[in-house]
1. So, in the range 59-70, exactly how many residues are in a loop (DSSP other than H, G, I, E, B) and on the phi < 0 side of the Ramachandran plot?
2. Starting from residues that are open to solvent by 80 Å² or more (accessible area, probe 1.4 Å) and touching a residue at least 24 places away in the same chain (Cβ under 8 Å), keep the ones in the range 20-48 and report whichever is nearest to Thr63 (Cα to Cα).
3. If I go through the range 71-96 residue by residue, how many of them are open to solvent by 40 Å² or more (accessible area, probe 1.4 Å), at pLDDT 95 or above and not in a strand (DSSP E or B)?
Amino acid sequence: VKPMTPRCIVPKAVPVGKSASLHCHENEGYPKSTYSWYRNSEPLPPDTKAKHQNSSYTLNPTTGTLVFHAVHKGDTGRYSCIATNDAGFAKCEEQEMEV
């Protein structure tokens, strides 16, 4: 079963240096979906301790949770998430996060 549009929760504004949690989830897809996150349409690598443009975050593709340990100005952007399984994929609308 193809995933339905995931529900994405993105904080609107986060103070510099604070942690931020972004959530993405859908429960119609079978087999269960895996999740990938995008910032400004660029994929965020799922490495658990990725150093992506000096950004430190943890991305769990199974739960769809993206956690920034300490945000900085460079983390500002439009975030979206894609739920994928063998039957297809679905994407949530981009949401702005300001740091």
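1. Here is the first cut: in the range 59-70, the residues in a loop (DSSP other than H, G, I, E, B) are 61-64, 69-70.
Adding the requirement that they be on the phi < 0 side of the Ramachandran plot leaves 61-63, 69-70.
So the answer is 5.
2. Looking at residues that are open to solvent by 80 Å² or more (accessible area, probe 1.4 Å) and touching a residue at least 24 places away in the same chain (Cβ under 8 Å), I get His25.
3. 5
The values are calculated or read from the model by the stated rules, or taken from the named source; none is laboratory data. Just so it is clear, the model here is predicted, and its values are computed rather than measured. Don't worry about glycine lacking a Cβ; one is built from the backbone with ideal geometry, like all the others, and counts go over all protein chains shown. Side chains included, ligands, DNA and RNA excluded: accessible areas come from the protein's heavy atoms. Shrake-Rupley method; radii C 1.70, N 1.55, O 1.52, S 1.80 Å.
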